[in-house]
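Have a look at the structure below, then the notes.
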Amino acid sequence: MFKTVIVRRPSKSLVNGITSAPELGKPDYNLALKQHDEYIKALSKCDVEVVILDALEEFPDSCFVEDTAVLTSKCAIVSNPGTDSRRGESMLMAPTIEKFYKKEQIEYIKSPATIEGGDVMMVGNHFYIGESARSNREGCAEFIKALLKHDHTCSVVTMKEMLHLKTGMAYLENNNILLFGEFINKSEFKDMNKIIIAEDESYSANCIWVNDRILIPLGYPKTEEAIKSLGYETIIIDTSEYRKLDGGLSCLSLRF
Ligand code: CIR
C-alpha cells in the first residue's frame, strides 16, 4: 500500500513543455490547473497523504514529477532526466525525498547516466526498466546497481516506439497488467493477466493503481470497462491538457 504521494503544481510555462504531438495544440494553463486540482482530490480519496510542491516556472515539464525519482519501500533513487530542459528537476526534488528517506537509503544517478522514472515499472519487489531515448544504457546500468544494492530485483525491457515504458503499460497489482502496442507480446509479461489496450485508446495504457483504486483518464470507455470488470473501484480524471505534452496520470505523481 502507498502512504504518500508527491505532486508538483503545473507552472504557467507548461505551455512550453516538450511534446511529440504539437497537432494537439498548446495546453490551456487554467484548465491544466483545474485538472490538477481534480487529480489531487482523487488521490486524497485513496488513503494517502498528498504532498503538494510549488510550481517551478523555470522548468515547463516539472509537474511530471514521476520522472525525477523512483521511490520504493527500501530506497529512493534520484534520477537524471535524459533531456536538457528537464535535467535540473531531480535535484530540486531531492530535498523533499530527503524528508522521507534516510541518507543511506538514497542513491543519485549522475551524468552521463540518464534515467527517467517513467521508464520504471514496479511489480512487487521487481522493477522493469525501459531502455529508451531518455533512459540510456549507462543510466539503466547505474539504476540496476542501485536497486540491487537495496535488495530489489530488476530486468530491462527493450523498446523502440514509445516515449517511456509506462506510456504503453501499467501494472494494476494482483497480476493484472495493461499493455499496448510493442509491449503486448513481450515474453516477460506472458504469465500476467493481460488487458490489451485498443489501438484507438492507446493513451489509456497510462493508468495508476493507488491502494486498490484505479485512476483512469477520461474518454477511454473500452479501457474503463475492462478495468471495472476486474472488480476495481475506478476514478476517472480528465488529463486532456497533460496529454498535449505526452504526459498522463502516472507522470503527475510519485507514489510510495
Ligand atoms: C516530457 O517529454 O518529458 C514531458 N513532456 C512528458 C513527461 C511524461 N512523463 C512520463 O511519462 N513519466
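In whole percent, how big is the carbon plus sulfur part of the accessible area of the stretch 4-255, probe 1.4 Å, protein atoms only? Spell out each step's value before the answer.
Working: 5510 of 10770 Å².
About 51 percent, which is the carbon plus sulfur part of the accessible surface.
222 nm [θ] for the chain, helices only, -39500 (n - 2.57) per DSSP H run of 4+, per residue, to 500?
Counting only the DSSP helices, I get -6500 deg cm²/dmol.
Please report, in cubic angstrom per residue, the volume enclosed by the convex hull of the alpha-carbon atoms of the stretch 118-256.
Numbers: hull volume 14.9 nm³, N = 139.
Normalising the Cα hull of the stretch 118-256 by residue number yields 107 Å³.
Please check: in the Gaussian network model of the chain (C-alpha springs, under 10 Å), which one of MET192, MET162, MET93 has the largest mean-square fluctuation.
Sorting by GNM fluctuation, first place goes to MET192.
Between LYS186 and GLU98, what length in nm is gained on full extension when 0.36 nm per residue of separation is reduced by their alpha carbon distance? Mind showing how you got there, number by number?
Working: separation 88, 0.36 × 88 = 31.68 nm, distance 3.60 nm.
So the extension gain works out to 28.1 nm.
Give me the three principal axis extents of the chain from the C-alpha atoms, as integers in angstrom, largest value leading.
43, 43, 35
Relative contact order, percent, of the chain when contacts are C-alpha pairs under 8 Å separated by at least 6 residues? Intermediate results must be reported in sequence, preceding the final value.
Numbers: 522 pairs, mean separation 58.2, N = 256.
So the answer I get is 23 percent.
The values are calculated or read from the model by the stated rules, or taken from the named source; none is laboratory data. Remember, it's a predicted structure, so these values are computed and weren't measured experimentally. Remember, those area values only see protein heavy atoms, side chains included, never the ligands or the DNA or RNA. Shrake-Rupley method; radii C 1.70, N 1.55, O 1.52, S 1.80 Å.
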